[in-house]
Amino acid sequence: MASKSRRLPFNAAWLGLLPFTAFAVLFLILPTMKIVIGAFQGQEGGFTLQNFVDLNTASNRNAYWTSIKLSFVTALLGCAVGFGMAAAVVFGGLPKGLRNPLITFSGVASNFAGVPLAFAFIATLGPVGLITVWLRSEFGINLRAMGFNLLSYWGLVITYLFFQIPLMILIITPALDGLKREWREAAEVLGATGAQYWRMVALPILFPSILGTFALLFANAFGAVATAFALTGPQLNIVPIKLFAQIRGDVLGNPNLGYALAFGMIVITAAANILYIWLRVRSERWLK
Amino acid sequence: MMRFLAWTVFLLGCFYFLMPLVGMAEFSLRMRRGEYSLDAYAVVFADPRFWATFGYSLKLAGATILFGVLLVVPTAYWVRLKLPQARPFVEFVTLLPLVIPAIVIVFGYIRLYNTSSWLPMTGSALGTDILLTMGYATLALPYMYRAVDTGLRTIDVGTLTEAAQSLGAGWITILARIILPNVMVAVLSGAFLTLAIVMGEFTMAALLNRPAFGPFMQLIGANRAYEPPALAVIAFALTWGCMGLMQLATRLAKHERAKA
């Protein structure tokens, strides 16, 4: 009886998490819940799926499709090029001194996104940019006449790669370092060629890391607003820009459609990230 | 053959990354016709809005870092010391800002804390500043938490706490004088990353209508020709500075540990 009365009804140590939980609830969970619930509410409240029906217009479908394509292509290219550069530095026989500068630069470049990145590309590949003018005056190549326009889908792809590739380099380099020399030697002793080693040993081990990073890059591009907005202004029809315009001026003509639009973004980035976390847990088994 | 391929990939990559950096630097010098000059920078630095917005973002970055440290260090410490079973929950929450796009979070803020809501934070400038600081703290949370938690892993939290307690120290003393100095390097590296994130942030500040550096850059970009690349050079130098200081902090940590 006595010992029972001294024990608190719950573990008092949990009270120490109160500030953190309060912060998370107020500034992370409640705002997100507001969006999620709003997506399923009509103008006067009450549960409805009407918002998703109304959202299903050609323009909105097109925005989602362009966003998904943009995120997919930049994630794919980012992974491929980032992997190539990381592999070149880790196994390619390049001087050891190049490795640290590459990692440092990747840290800077992966954070150099948003408005200034757009400016840098306009100054380089824009109508009067350095490369554009140089190609025209020295080689007579007119990028514009060839159909290239920085303020378009492919312009965005080229610009997004500036932060996608470095992110891949930052994440995949430790994974490449984790490939043990013994595995390669064991494969060679058993008569494997270089290509066989990569196809049957190294890539299967790296596969979860690569696919996981792909998912992270996908979500990274999907949620990016500032770069696209500074590059093309409010016209380009991708989901984050559309949501930005909707929050500022209700361009869809119905505030609840904004919730539905945002809910769609959460679903897509959450799916990509769940894939990332799951694959990361799997890949870490091999890299201990 | 292998080496040739490696060099090709590496050099092509370098070309891609250097191209826009050279482009923006060159363009920013072209303001005066026929010769290179620093005119664009002079115009930018003479603009009072530059200093106002830059100062504003710097203040907010300071507030975000202070708040982040006060929130993350005690929480991470407490989880390590007393509540290891809460780790999955806390880690999950700290990863949420990577899952939910910033624009969605700020959309939630606007709808949840508008003037007709139960907590009308957007009703006043101070309230909106606090809301924006909280938003930035959310964006920085994954990086801050991970940095501090890694820092805590290298010290023996339990023994240090018991030693301090047996000498009569209270919780505040333990946190401020024992734990914080021991994870200072991790805190600094998180702080510099936070600074880099906050200084260039556009979406949250623009949608909350606050005069931050990001929206200012966007405004200049929409109206001027030569000033935007100058701003991009300044922003790049700032990011580079933050990352450099972060690396320096990490390197110092390794050095300290090697000595110990």
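Of note:
- Hey, B:Ala86 surrounded by 14 or more Cβ atoms within 10 Å (Cβ to Cβ), assigned to a helix (DSSP H, G or I) and within 9 Å of chain A (Cβ to nearest Cβ) or not: yes
- Considering residues of segment A:83-93 that are more than 7 Å from chain B (Cβ to nearest Cβ) and not aliphatic (A, V, I, L, M) only, the residue surrounded by the most Cβ atoms within 10 Å (Cβ to Cβ): A:Phe83
- Only a single criterion out of (1) surrounded by fewer than 20 Cβ atoms within 10 Å (Cβ to Cβ); (2) touching a Gly at 6+ places or on another chain (Cβ under 7 Å) is not satisfied by A:Pro240, namely (1).
- B:Arg80 passes every criterion in (1) more than 10 Å from chain A (Cβ to nearest Cβ); (2) at pLDDT below 95; (3) surrounded by 21 or more Cβ atoms within 10 Å (Cβ to Cβ) apart from (3).
- Taking segment B:99-121 as the range and being under 14 Å from A:Phe27 (Cα atoms) and assigned to a helix (DSSP H, G or I) as the test, the residues that pass are B:Ala102, B:Ile103, B:Val104, B:Ile105, B:Val106, B:Phe107, B:Gly108, B:Tyr109, B:Ile110, B:Arg111, B:Leu112, B:Met121.
- Test: B:Val187 is within 14 Å of chain A (Cβ to nearest Cβ) and either out of contact with any Asp or Glu (no Cβ under 9 Å at 6 or more places or on another chain) or assigned to a loop (DSSP other than H, G, I, E, B) (or both): no
- Qualifying residue in segment A:47-56 (condition: free of Cβ contacts under 8 Å to residues at least 40 places away in the same chain, closer than 30 Å to B:Thr138 by Cβ, assigned to a loop (DSSP other than H, G, I, E, B) and more than 8 Å from chain B (Cβ to nearest Cβ)): yes
- Single condition B:Trp171 does not satisfy, out of (1) buried (at least 21 other Cβ atoms within 10 Å of the Cβ); (2) over 30 Å from B:Val99 (Cα atoms): (1)
- Scanning segment B:153-174 for residues that are farther than 23 Å from B:Met246 by Cα and in contact (Cβ under 8 Å) with a residue 60 or more places away in the chain yields B:Val157, B:Gly158, B:Thr161.
- Residue match in segment B:130-151 (condition: acidic (Asp, Glu), farther than 16 Å from B:Ile197 by Cβ and out of contact with any helix residue (DSSP H, G or I) (no Cβ under 6 Å at 6 or more places or on another chain)): no
- Residues that are within 13 Å of chain A (Cβ to nearest Cβ), modelled with pLDDT of 90 or more and closer than 22 Å to B:Phe216 by Cβ, drawn from segment B:24-53: B:Met24, B:Ala25, B:Phe27, B:Ser28, B:Leu29, B:Ala40, B:Val44, B:Thr53
- Checked against (1) under 16 Å from the mean Cα position of the chain (by Cα); (2) not in a helix (DSSP H, G or I), A:Gly253 passes all but a single condition, namely (1).
- Check on B:Met217, in contact (Cβ under 8 Å) with a residue 12 or more places away in the chain, among the hydrophobic types (A, V, I, L, M, F, W, C) and under 17 Å from B:Gly62 (Cβ atoms): no
- Top-ranked residue in segment A:5-22 [being part of a helix (DSSP H, G or I) and more than 9 Å from chain B (Cβ to nearest Cβ); ranked as modelled with the highest pLDDT]: A:Ala22
- Selection within segment B:202-217 - at the interface with chain A (Cβ under 8 Å from one of its Cβ atoms) and out of contact with any Gly (no Cβ under 9 Å at 6 or more places or on another chain): B:Leu207
- Helices (runs of 4 or more DSSP H) enclosed by segment A:89-183 - at least 2 residues per element that are over 24 Å from B:Ala25 (Cβ atoms): A:153-177
- Exactly one residue out of A:Ile247, A:Ile274, A:Ile205 is in contact (Cβ under 8 Å) with a residue 24 or more places away in the chain and hydrophobic (A, V, I, L, M, F, W, C): that is A:Ile205.
- For segment B:63-76, the condition holds for no residue, the condition being that it is more than 30 Å from B:Met217 (Cβ to Cβ), in contact with a Leu (Cβ under 9 Å, 6 or more places away or on another chain) and assigned to a loop (DSSP other than H, G, I, E, B).
- Top-ranked residue of segment A:94-131 - restricted to ones that are buried (at least 21 other Cβ atoms within 10 Å of the Cβ) and farther than 21 Å from B:Pro228 by Cβ, ranked as nearest to the other protein chains (Cβ to nearest Cβ): A:Gly107
- The single condition among (1) surrounded by fewer than 22 Cβ atoms within 10 Å (Cβ to Cβ); (2) in a helix (DSSP H, G or I) that B:Phe216 does not meet is (1).
- When B:Leu12 is tested against (1) touching a residue at least 40 places away in the same chain (Cβ under 8 Å); (2) of a type in the set (A, V, I, L, M); (3) within 27 Å of A:Phe218 (Cβ to Cβ), just one condition goes unmet, and that condition is (1).
- Candidates A:Gly233, A:Gly258: the one that is in a helix (DSSP H, G or I), buried (at least 18 other Cβ atoms within 10 Å of the Cβ) and of a type in the set (Gly, Ala, Ser) is A:Gly258.
The values are calculated or read from the model by the stated rules, or taken from the named source; none is laboratory data. Given the structure is predicted, the values throughout are model-derived calculations rather than measurements. Virtual Cβ from ideal backbone geometry, glycine too; neighbours counted across all protein chains shown.
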